[in-house]
């Protein structure tokens, strides 16, 4: 009988039951503390497929190997279907035998804010309490929740262009025990932490709004020609990325700032040294984290998942 004949499947609900945002953050953190180097992670591969394209994201961590296959079909929303769908295949490293299938979109929704929270936990002031989130989609909501688990927030503001989507996101946050209010761009001036989780192609706010010592995280895209942050902000900030080479391939915020002479690639700092305590946050300038999402993050979380009934 084939090893894949009865491969266990973990759906979104089961994944969330096993791994909450706090555990996801600790799994990401532990991978880096254990010595994993994000620079060794394979590049994200893209292939034209049907009416869209496929993203392939393989990785190896210790005794586990995994790959996420994500499909991107731009016309799907018009059909009432998700634009991005994904599956994750988890294997053991010694034999490469498939062990588990995991719903990939839910996995992405966990690992992305978990990674951002790992960075912000070290880049934000210990007493940070005012959060501004740009975006109204699932990642914006998940990021607000993730930041709420690393800091005692007393002021959460959500900035969105569509009032209906913004109000729905505010209701979702209230259901998760994180009351928030509608915000505006100028709220950045008083923010301790700013999260950018949008599909914007141009900067969301002016650089001079960001206070020294504050923390800004941008995770909206992994496309080289799109950005949420102005180059001038990166020019005066401590800039942390998951991996410098990956950022120079995929992070439009970084690539465009380098092209414009605002930032030098050699000045980028890595997430792993930050987590290991080899560098510290800045007090005399802003602290910026730009994330694109990497394969090892999916695997770090997936490795903490068990087949239903095995726990």
Please work out the FRET efficiency for the pair residue 211 and residue 280, using the Cβ-Cβ distance as r and a Förster radius of 25 Å; give the result to the nearest 0.05. 0.90
Treating every alpha carbon of the stretch 248-293 as one equal point scatterer without solvent, the Debye formula yields log10 I(q)/I(0) values at q = 0.18 Å⁻¹ of -0.63
In nm, to one decimal, how far is the modelled label at residue 23 from the one at residue 97, with both set 7 Å along Cα→Cβ? 2.4
Highest first, please rank the peptides 23-29, 94-100, 83-89, 286-292 by the mean number of other Cβ atoms sitting within 10 Å of their residues. 286-292, 23-29, 83-89, 94-100
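Sorting check: for 168-175, 295-302, which peptide has the highest mean count of neighbouring beta carbons within 10 Å, and how do the rest follow?
Ranking the peptides 168-175, 295-302 by packing returns 295-302, 168-175.
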Scaled radius of gyration (Cα, divided by 2.2 N^0.38 Å) that the stretch 202-296 gives: 0.98
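Residue 168 to residue 307: FRET efficiency via 1/(1 + (r/R0)^6), r the Cβ-Cβ distance, R0 22 Å, to the nearest 0.05?
So, using R0 = 22 Å, E works out to roughly 0.05.
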Which distance in nm do the two modelled labels at residue 12 and residue 43 give, with both placed 7 Å along the Cα-to-Cβ direction? 3.2
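Provide, as a two-decimal number, the C-alpha radius of gyration of the stretch 113-294 over 2.2 N^0.38 Å, N being how many residues it has.
0.94
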As an exercise, find the ratio Rg/Rh for the chain from alpha-carbon atoms, using the Kirkwood inverse-distance average for Rh. 0.96
Expressed in angstrom and rounded, the centroid-to-centroid distance over alpha carbons for the stretch 1-57 and the stretch 227-284 is 25
Determine the gain in length on full extension of the stretch residue 245-residue 161; use 0.36 nm per residue of separation and subtract their C-alpha separation, reporting nm with one decimal. 26.9 nm
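Here, each number is a calculation from the coordinates, and none is a lab measurement. Note that the coordinates shown come from a computational prediction; the quantities given were computed from them, not determined experimentally. Here Cβ is always computed from backbone atoms with ideal geometry, including for glycine, and neighbour counts include all displayed protein chains.
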